[in-house]
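Reviewing the structure listed below.
The values are calculated or read from the model by the stated rules, or taken from the named source; none is laboratory data. This structure is a prediction, so every number in the text was calculated from the model and none was measured. Cβ: placed from backbone, ideal geometry, glycine included. Neighbour counts: every protein chain shown. Areas reflect the complete protein model, heavy atoms only, side chains present, ligands, DNA and RNA absent. Shrake-Rupley method; radii C 1.70, N 1.55, O 1.52, S 1.80 Å.
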Number of protein chains: 2
Amino acid sequence: MTYCVGMLLDKGLVMAADTRTNAGVDNVGKFKKLYTWEYPGDRVYVLLTAGNLAVTQAVVSILNEHEAHPPEAGDTLKTAATMFQAAHVVGDAVRTVKALDAAHLTSNGEAFAASFIFGGQIGGERPRLFNIYAAGNFIEATPDTPFFQIGEHKYGKPILDRVARSDMELGEAAKMVLLSFDSTLRSNLSVGLPIDLLTYETDALKVEHTKRIGLDDPYFKMLSSEWSKALRTAFANIEALDI
Amino acid sequence: MTYCVGMLLDKGLVMAADTRTNAGVDNVGKFKKLYTWEYPGDRVYVLLTAGNLAVTQAVVSILNEHEAHPPEAGDTLKTAATMFQAAHVVGDAVRTVKALDAAHLTSNGEAFAASFIFGGQIGGERPRLFNIYAAGNFIEATPDTPFFQIGEHKYGKPILDRVARSDMELGEAAKMVLLSFDSTLRSNLSVGLPIDLLTYETDALKVEHTKRIGLDDPYFKMLSSEWSKALRTAFANIEALDI
């Protein structure tokens with residue numbers, strides 16, 4: 001399993017992914033699932049991936065190869081005029097992998113499973129955030145629901161549902177996203193530390209703040225222990241049911 | 001979907017079930033999923049059900065018919081000597097329904113889906129709690145994990161993982177179970193009010209405290225609003241990530 005969250009704020013983006021992969025609980029690995037592309041001063045992209053690792057890595061490889069050797073027709077991440085067009089570039093890469101692999105996966109009884117959260121900013125356009133499906137199509141975040149989750153989304157959703165707002169500060173949103181990871185890590189062994197966290201400030205047009213958060217990260221340790229303590233206190237302070 | 005929680009405490013049992021059923025979001029209904037059998041002074045049983053409603057209702061009907069007209073061989077809920085034997089009686093009823101219906105469900109492309117939480121007390125034996133599967137077999141709660149959930153378990157699990165302990169008071173455990181429902185109700189439309197809540201005090205050997213909790217229940221309203229407030233305060237009081 002995997003857990004990734006992307007959040008679109010008035011002030012930028014917060015993107016985070018765990019790094020655990022597994023083919024059964026007896027076969028776990030560590031792979032990066034947060035990818036960035038930047039053309040400083042012009043554009044920045046962040047991609048979070050979930051699903052079949054062979055599929056998601058192939059999508060990323062195709063995107064990278066097209067940056068190095070642009071195809072004859074069609075946009076690349078470098079040439080896309082808008083984030084909508086860039087999301088199409090990613091969706092097309094998903095469709096290319098699907099054409100190559102889906103039938104082989106199906107004949108092995110496996111699904112073509114992949115999903116992506118794709119955010120970024122191009123020039124003067126505001127930052128935008130997309131949830132891209134295995135079919136290569138996508139939806140876009142709006143202020144009503146300014147976040148997307150992929151992978152094991154349920155344990156970490158209640159805190160997002162209660163707290164997430166577009167007008168949060170980046171540091172507050174990062175705190176919320178890490179709390180969402182904390183709940184997920186506690187309940188699902190197939191989601192594991194370290195977490196890759198990226199915060200992007202609108203109009204920076206470069207990757208400035210990335211952080212790999214492991215077991216020993218002092219902020220995450222503080223967050224996890226303070227939150228536990230606060231929940232226990234909050235629980236104790238509410239009146240019990242009078243039976 | 002459905003959400004049910006059963007918890008085994010040193011001091012008794014807390015059992016709760018929602019009442020929403022659905023065959024798609026355009027077809028929702030209200031059905032009781034918490035059943036009790038009592039022989040005051042001798043024994044009490046509580047059964048929570050999830051899965052295919054036709055299956056779970058058939059299991060309950062068989063158990064009731066066997067109380068009225070005992071089969072020639074084998075125990076009934078009335079005659080079982082221990083909770084372990086009583087759990088076998090329920091498991092056998094599940095297997096009877098499976099023999100009648102499973103092939104027909106499968107031929108319609110539907111699964112024989114049913115799960116149960118079964119708790120109670122017989123005579124001088126301590127209260128016991130079981131999670132009974134569609135195959136009719138079961139596991140029993142222990143102090144390490146004193147609760148079971150069936151149906152939509154993920155949203156409501158973090159609070160149980162953090163707070164549940166066998167030595168809680170019944171009223172505290174009921175508060176915790178209702179908070180677990182509150183999180184689930186917020187995130188999954190297919191789980192719905194009212195909630196049927198039963199609290200059983202060890203050695204009562206009768207059903208004393210049942211409560212149907214709807215939208216207007218003052219305790220549940222207080223709980224839900226105080227918990228939201230406390231979570232927001234707890235969140236605000238933790239230092240943001242310094243980017």
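Can you tell me the length gained on complete extension of the stretch residue B:78 to residue B:216, counting 0.36 nm per residue apart and subtracting the Cα distance?
46.0 nm
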With a point put 7 Å past each Cα toward its Cβ, work out how far residue B:207 is from residue A:85 in nm, to one decimal. 6.7
Out of residues 5 or more away from residue A:209 or on other chains, whose amide H comes under 5 Å of its own, with H placed 1.01 Å from N in the peptide plane? A:199
Rounded to the nearest 0.05, what FRET efficiency is calculated for residue A:225 and residue A:96 with R0 set to 60 Å and r the Cβ-Cβ distance? 0.85
Each residue of segment A:148-162 in turn: what ³J(HN,Hα) in whole Hz from Karplus with 6.51, -1.76, 1.60 and θ = phi - 60°, glycine and Pro shown as x? 10, 10, 10, x, 6, 8, 6, 4, x, 7, x, 5, 5, 4, 7
Name the longest site-free stretch of chain B, where the excluded sites are GluC sites (Glu not before Pro) in a DSSP loop with no more than 12 other beta-carbon atoms within 10 Å. B:73-238
I'm checking a number: the convex hull volume of the Cα atoms of chain B, normalised per residue, in Å³. What is it? 152
Please list, in chain and number order, the residues 5+ apart from residue A:202 or on another chain whose amide H is under 5 Å from its amide H, with Hs placed from the backbone. A:12, A:13
With viscosity set to 1.567 mPa s at 4 °C, what whole-number translational diffusion coefficient in µm²/s follows for the protein assembly as shown from Stokes-Einstein and a Kirkwood radius over Cα pairs? 52
Please give every one of the aspartates and glutamates within straight-line cross-link reach of residue A:221, meaning a C-alpha to C-alpha distance under 19 Å, and leave out same-chain neighbours fewer than 8 residues apart. A:18, A:172, A:182, A:196, B:161, B:239, B:242
In the calculated pair distance distribution of segment B:152-223, what percentage of Cα-Cα distances lie above 21 Å? 29
Amide N of segment B:176-200 lying under 11 Å from the label point, which is placed 7 angstrom from the Cα of residue A:162 along Cα→Cβ: B:179-180, B:182-184
Over chain B, what is the relative contact order in percent, taking alpha-carbon pairs closer than 8 angstrom and at least six residues apart? 28
Taking a probe of 1.4 angstrom, what is the accessible area of residue B:162 in Å², to the nearest 10? 40
How much accessible surface does residue B:155 have with a 1.4 Å probe, in Å² rounded to 10? 20
Among the listed pairs A:157/A:206; B:33/B:211; B:175/B:229; B:11/B:206; A:175/A:211; B:11/B:175, those beyond 19 Å (Cα-Cα): A:157/A:206
Sequence-distant or interchain residues sharing an amide H contact under 5 Å with residue A:114, placed H: which? A:52, A:134
